Amino acid sequence: MEIVTVIVTNPFGLHARPASLLSIFIRDFASDIMVYKNGDSSRKINAKSVLSVMDLNASMGDELTFEACGEDEEKAIQAIEGFAKNGFGE
């Protein structure tokens, strides 16, 4: 399992557009990818589901922790970290 924690830097958080872009971006990875907010690992969701990502209600400054498990987990986590640093596609 590979893990990365990123900070949401988007002024409006992960609203519909960046949540959709994130889910689309990571669908190509074979690994299972889960995400949770602000260290609350009891509320892990499937990061490939746009509705679940939107349900996180992630605001600017929130921490998102991504966990990838599978054959391309390291590549997936590196890609997610870069995508987050670039504003989740916005």
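The values are calculated or read from the model by the stated rules, or taken from the named source; none is laboratory data. Model, not experiment: these values are computed from the prediction. So basically every Cβ, Gly included, is an ideal-geometry build from the backbone, and we count neighbours across all protein chains shown. Note: accessible area is taken over every heavy atom of the protein model, side chains too, but ligands, DNA and RNA are not part of it. Shrake-Rupley method; radii C 1.70, N 1.55, O 1.52, S 1.80 Å.
Can you tally the net charge around Arg43? Count Lys and Arg as +1, Asp and Glu as -1, for every other residue whose Cβ sits under 11 Å from the Cβ of Arg43.
0
For the chain, with every protein chain kept in place, what is the accessible area per residue (1.4 Å probe, Å²)?
On a per-residue basis, the chain sits at 54 Å².
About the Cα centre of the chain, what is the dipole size in debye to 20, counting +1 per Lys and Arg Cβ and -1 per Asp and Glu Cβ, all else neutral?
Around 340 debye, computed over the chain.
Kirkwood Rh, Cα Rg: Rg to Rh for the chain? Could you put the intermediate results ahead of the total?
Working: Rg = 11.4 Å, Rh = 12.5 Å.
Result for the chain is an Rg/Rh of 0.91.
Taking the 0 to 90 degree range and rounding to the nearest ten, how far is the long axis of helix 16-26 tilted relative to the main principal axis of the chain, both from C-alpha atoms?
Tilt relative to the chain: about 10 degrees.
Using amide H atoms built in the peptide plane, which far-off residues or other-chain residues are under 5 Å from Asn38 H to H?
Glu63, Leu64, Thr65
Which value in deg cm²/dmol, rounded to the nearest 500, describes the helix-derived mean residue ellipticity at 222 nm for the chain, given -39,500 (n - 2.57) per DSSP H run of n ≥ 4 and division by the residue count?
-10000 deg cm²/dmol
Defining a contact as two alpha carbons under 8 Å apart and six or more residues distant in sequence, what relative contact order in percent does the chain show? Please report the intermediate quantities before stating the final value.
Working: 173 pairs, mean separation 41.6, N = 90.
With pairs under 8 Å counted, the relative contact order is 46 percent.
Relative to the first principal axis of the alpha-carbon coordinates of the chain, what is the inclination of helix 73-85, with its axis defined by its Cα atoms, in degrees from 0 to 90 and to the nearest 10?
20
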